[in-house]
Amino acid sequence: MRLELIIAGFGGQGVLFTGNLIAQASMLADYHVTYLPVYGPEMRGGTCNCTVIISDNPIASPLVLNPSFLIILNLPSFLKFIPRLKNKGRAIINSDLVKPEEIDNIEALQKKYKLYFVPVNSLAESLGKQMLANICALGAFYKVSKIFSRQNFEEALKYMLGESKAHLIEPNLKAFELGSKYIEEHYQVR
Amino acid sequence: MSKPFQVPKSLKKTPFHYCPGCQHGVAHRLVCEVIDELGIQDKSLAISSIGCSVFLYFYIDVDMTEAPHGRACAAATGAKRARPDLVVFTYQGDGDFAAIGFNESFQAAARGEKITSIMINNTIYGMTGGQASPTTLPGQKTTTTPAGRDPETFGYPPKIAEILATLEGVAYSARVALNSPKRIVEAKRAIKNAFLAQINNLGFGFVEILSTCPINWKMDPVSAVKAVDKVIEYFPLGIFKDKVTPFLKNQK
Amino acid sequence: MKKDKKILAKGVEAIVFGALEAECKCYFGYPITPQNDIPELMSRELPKRGGVFLQAESELAAINMVLGACATGARAMTSSSSPGISLMCESFSYLAALELPAVVVNVMRGGPGLGGIETSQGDYFQATKGSGHGDFRFLVLAPSNAQEAYELTAKAFELAEKYRNPVMILSDAILGQMKEPLVLKKLKIKKYPPETWALTGAKGRNSRFFRSLFLDAEELRQHNLKLMKKYQTMQKEIRYEAKVEEDTEVLVVAFGSMARLANEAIEDLRNKGYQVGYFRPITLYPFPYKTLKEIVTKAKKPLKILVPEQNCGQMFEDVKLAVEGKAEVISLPYPPSVVPFPEDLKKEIKKCLNPSKSRKV
């Protein structure tokens, strides 16, 4: 197994945190992992992406040209990274900001790739916590990729949040469940 | 029978390399007398600097390292932080302390490092052959101010002892001179207090010692000693900060 | 037996944990991107262990605080990134001259001048040859993953004391900022008691002094010869990683994060049957000249050597020196901020292969 994931969006959408969490959970599932952040000089609002590689074998390069998996949180990231996705690659796409009906070549793309449109902003809003859109996307990733267990995720989340932010664990888990459930209800996952 | 006058134990027997009439020798001796009186020879660590006193390790018999030009107070900070039980002092010239190294000196003083700094102010770069220093007096001729220091172009000499006295971290700051027996006695008292500031954990201890440089001042030693009085007109002698005396009084 | 703790760590965090594993006592530093995790983590971890953390007023002060602490025999370090390291260079010369066992970390970023905060390997020359005036050398270690950064940093303190010479960890922004699993192994780091030389107050012994000024010409010559001899004995610390056979046609030589990209490219090509090899110097000084020359001498076919670097061709010069004209050495310069993908390297490697013969059947 080897999965090369790029997560991309605006700064402030939790791109790096999501990448960290996935890397942490995958490490707990006993995989080799690398996590490499790439971001502009802006602390907030700029574009931001990170690369997470998860593999059965030791990983040499932490950089990939053609990822096998994408988590896309906004339109500029969609336009930038979809052309780089490997043939038959998979992508979780924030359908609140990237609407399938507005994409010209959507049919061609869907033939080439497996695209999962998930309205992560709306899902997070239904919890009253818009900032958890990234975790909804992570829940979707969990369901589609099947790399790590829910328990791995929970453990990673607790580790990342630490004691000072322990009160955020519950809402994060809820967002995770929503994302995961959305995939279950709207897509057939092998 | 007690000997009223003898060579300090912590002063090595090496003859000084200093020029005739230079007061580094007097200053070295005073530092050594203080080291002896405080009984700290075997727990002292000195930082020698760049300038005429670079060979301090040939004269003062304590553990010592050289530091790059201007960085003595930073090196002293590192040593003291690593070994708070040691008595750490720097011995620097006005160029080392107040020109190239002013930031290190100032910041160490501002942090209130428990170290002691002795700055010899002879208003000139002695070792390199008599160029202007930050403390060169207005009108004073040097090899780089041949027409005399013009404050319009070279600015004014900073009064380091007064500047440091304004810092919270400084426990003791004084300016002394060595051009009369009385002043030498006062200088020794100041040096001792600057060490006591450190030993009693009160903060940074500082003494600026006005000193001669007959060769570069182009004077004979006696005229140079007298000329220090002119230096004092710009750089007044005095104790500008003293947390040591009240502290010791309270101890009693 | 208790299992060693495994964490997901940035390279810079691995460096801190390595230093702590070696019982580093003092850290002095001045903030600069992209290595600020080092002082930040140190400021939390060192005081807990009875150590000293102090944010200095500049890199000049930081390195001289290290000088003062090392003079007392304490394990002390600093870290910075390229422009900050430049500021320390004068004092590097003093540290080497005074034979003080300092550990310095450079997480390289783009230059020259202020450059950028993107990754770079532009300080290879500075680290291995020119980090200050006069004849002196740092032992330079170049890790290429978090685990190695942890272990080499810990080892750096041992080597610094063994040779009483400064040791530099040369890392870069990619290694520094990427995260990967790190096993916080218990390491055996030898201690060389500083009692015989350190400045600890002259109790029960004669006073000692460290100096680098020798106005007597013969004394200065002897001091230089003594240092030279020491650098020669440091040759036995040479470390490298190699994947090379006698029928290798193209050898890629790279260090640090670039070596990871090269390794990926080489592994892929080897799996496809290409006769390509990989060589990674881990010590940049001393540089494995001899080993590289042996590889070239033993090669059955004319060997082409590719040297990809995130600079305009620096280690390239050492590789050329090593092979003494017996192999073609080609520089692949990737100046700062353009990091090649393994695919780019594969293209370059394939250009060097003989299209008809180089693939094993």
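Please treat every number below as a calculation from the coordinates, not as lab data. Computed from a predicted structure; not experimentally measured. Cβ placement follows ideal geometry from the backbone for every residue including glycine, while neighbour counts extend to all protein chains displayed.
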| What's the angle, to the nearest 10 degrees (0 to 90), between helix C:59-71's Cα axis and the longest principal axis of chain C? | 70
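What's the extension gain from C:Asn36 to C:Lys347 if we count 0.36 nm per residue and subtract their Cα-Cα distance? Please report the intermediate quantities before stating the final value.
Details: separation 311, 0.36 × 311 = 111.96 nm, distance 3.59 nm.
Contour length minus Cα-Cα distance gives 108.4 nm.
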| message | Take C:Thr291 and A:Leu65, extend 7 Å from each Cα along the Cα→Cβ direction, and tell me the distance between the two endpoints in nm. | response | 2.9
| query | So which chymotrypsin sites (Phe, Trp or Tyr not before Pro) in segment B:1-42 are both in a DSSP loop and have at most 11 other Cβ atoms within 10 Å of their Cβ? | reply | B:Phe5
| request: Starting from the Cα-Cα distance between C:Lys298 and C:Leu187, subtract it from 0.36 nm times their residue separation and give me the gain in nm to one decimal. | output: 36.4 nm
| note | The FRET efficiency for A:His186 and C:Lys272, from their Cβ-Cβ distance with R0 = 35 Å and rounded to 0.05, is 0.30
| query | Considering amide H positions built from the backbone, and no H for Pro or chain starts, which residues 5 or more places from B:Lys241, or on another chain, come under 5 Å of its amide H? | reply | B:Ser173
| For the residue pair C:Ser58 and A:Met1, what label-to-label distance in nm results when each label sits 7 Å from Cα along the Cα-to-beta-carbon direction? | 5.4
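Please compute the average number of Cβ atoms from other chains found within 10 Å of each residue's Cβ in peptide B:55-65.
Details: counts 4, 2, 6, 2, 0, 2, 4, 6, 14, 8, 14.
Partner-chain Cβ atoms within 10 Å, mean over residues of B:55-65: 6.
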| said: Can you return the aspartates and glutamates within cross-link range of B:Lys80? Criterion is Cα-Cα under 17 Å, with same-chain partners fewer than 8 residues away left out. | reply: B:Asp42, B:Asp63, B:Glu66, B:Glu104, B:Glu113, C:Glu57
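Within segment C:35-130, list the trypsin sites (Lys or Arg not before Pro) lying in a DSSP loop whose Cβ has at most 14 other Cβ atoms in a 10 Å radius. Show your work: numbers first, answer last.
Working: sites: C:Arg44, C:Lys48, C:Arg49, C:Arg75, C:Arg109, C:Lys129; in loops: C:Arg49, C:Arg75, C:Lys129.
The qualifying sites are C:Arg49.
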| request: Round to the nearest 10 and give me the degree value, 0 to 90, for the angle of helix C:342-352's Cα axis relative to the longest principal axis of chain C. | output: 60
| What does the charge count near C:Leu54 come to, summing +1 for each Lys or Arg and -1 for each Asp or Glu among other residues with Cβ under 11 Å from its Cβ? | +1
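How much FRET efficiency would the formula 1/(1 + (r/R0)^6) give for A:Ile169 and C:Lys129, where r is the Cβ-Cβ distance and R0 is 56 Å, rounded to 0.05?
Values: r = 52 Å, r/R0 = 0.93.
Once the sixth-power term is evaluated, E becomes 0.60.
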| On a 0 to 90 degree scale, rounded to 10, what angle separates helix C:146-163 from the longest Cα axis of chain C? | 50
| Averaged over C:144-150, how many beta carbons belonging to a partner chain fall within 10 Å of each residue's beta carbon? | 1
| note | Amide H contacts under 5 Å for B:Met64, restricted to residues at least 5 apart in sequence or on another chain and with H modeled in the peptide plane, are B:Ala46, C:Arg208, C:Phe209, C:Phe210
| request: As a check on your grasp of the helix formula, calculate [θ] at 222 nm for chain A: sum -39500 (n - 2.57) over DSSP H runs of n ≥ 4, divide by the residue count, round to the nearest 500. | output: -12500 deg cm²/dmol
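Lys and Arg at +1, Asp and Glu at -1: add these up for the other residues within a Cβ distance under 14 Å of B:Cys32 and post the number.
Net charge in that neighbourhood comes out at +1.
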| remark: Residues C:Ser120, B:Ser105 in order from fewest to most other beta-carbon atoms within 10 Å are C:Ser120, B:Ser105
| said: Per residue of segment C:80-94, what does 6.51 cos²θ - 1.76 cosθ + 1.60 with θ = phi - 60° give for ³J(HN,Hα)? Whole Hz please, x for Gly and Pro, Karplus curve as stated. | reply: 6, 10, 2, x, x, 5, 4, 5, 8, 4, 4, 6, 4, 4, 5
| remark: Computed over chain A, the relative contact order (Cα-Cα under 8 Å, seq sep at least six) in percent reads 21
| note | Row for chain C, column shape: gyration tensor on C-alpha, a ≥ b ≥ c, rounded if a/c < 1.5 i.e. under 1.5, prolate if a/b over b/c, else oblate; value prolate
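Could you please rank B:His24, B:His17, placing first whichever residue has the fewest other Cβ atoms within 10 Å of its Cβ? If you can, show how the numbers build up before the last one.
Values: B:His24 27, B:His17 13.
So the ranking, lowest neighbour count to highest, is B:His17, B:His24.
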| message | If you average the alpha carbon positions of segment B:170-242 and of segment B:76-105, how far apart do those two centres end up, in angstrom? | response | 18
| remark: Most exposed first, judged by fewest Cβ atoms within 10 angstrom, C:Thr72, C:Thr153, B:Thr14, C:Thr291 run B:Thr14, C:Thr291, C:Thr72, C:Thr153
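Out of segment C:188-248, which GluC sites (Glu not before Pro) are coil in DSSP terms and have no more than 12 other C-beta atoms within 10 Å? Please report the intermediate quantities before stating the final value.
On the way: sites: C:Glu195, C:Glu218, C:Glu219, C:Glu237, C:Glu241, C:Glu245, C:Glu246; in loops: C:Glu245, C:Glu246.
Counting only loop positions with at most 12 other Cβ atoms within 10 Å, the GluC sites (Glu not before Pro) in segment C:188-248 are C:Glu246.
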| Which aspartates and glutamates does C:Lys290 reach when only Cα atoms under 20 Å apart count, and residues fewer than 8 places away in its own chain are ignored? | C:Glu237, C:Glu241, C:Glu245, C:Glu246, C:Asp247, C:Glu249, C:Glu317, C:Asp318, C:Glu324, C:Glu328
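Where both partners of a DSSP beta bridge lie in chain B, what percent of those bridges are antiparallel, to the nearest 5? Walk me through the numbers before you get to the answer.
Working: 8 of 35 bridges.
If I count the DSSP bridges inside chain B, around 25 percent turn out antiparallel.
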| So how far, in whole Å, is the C-alpha centre of segment C:20-97 from the one of segment B:1-43? | 35
| query | From the cross-link list A:Lys112/C:Lys272; C:Lys304/C:Lys351; A:Lys143/A:Lys174; B:Lys114/B:Lys182; C:Lys10/C:Lys162; A:Lys114/A:Lys174, which pairs have alpha carbons spaced over 19 Å apart? | reply | A:Lys112/C:Lys272; B:Lys114/B:Lys182; C:Lys10/C:Lys162; A:Lys114/A:Lys174
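Mean separation of Cα pairs under 8 Å and 6+ residues apart, divided by the residue count of segment B:21-249: what relative contact order is that in percent? Kindly include the intermediate steps, with their values, before the conclusion.
Numbers: 495 pairs, mean separation 47.1, N = 229.
Result for segment B:21-249 is 21 percent.
Lys and Arg at +1, Asp and Glu at -1: add these up for the other residues within a Cβ distance under 14 Å of A:Val120 and post the number. Provide the component values of the computation, followed by the final result.
On the way: positive: A:Lys99, A:Lys129, A:Lys143, A:Lys174, A:Lys181; negative: A:Asp96, A:Glu125, A:Glu177.
Its environment carries a net charge of +2.
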| message | Multiplying the sequence separation of C:Ser337 and C:Cys312 by 0.36 nm and subtracting their Cα-Cα distance, what value in nm do you get? | response | 7.8 nm
| Based on DSSP, what percent of beta bridges with both residues in the protein assembly as shown are antiparallel, to the nearest 5? | 35
| task | Give the relative contact order (percent, whole number) for segment C:5-236; include only Cα pairs under 8 Å separated by 6+ residues. | result | 26
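With both bridge residues required to lie in chain A, what share of the DSSP beta bridges run antiparallel, to the nearest 5%?
Details: 17 of 30 bridges.
In chain A, approximately 55 percent of DSSP beta bridges are antiparallel ones.
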| Gap in Å between the Cα centre of segment C:236-269 and the Cα centre of segment C:141-163? | 20
| Taking the simple approach of a point 7 Å from Cα along Cα-to-Cβ for both C:Glu324 and B:Gln6, what is their distance in nm? | 6.7
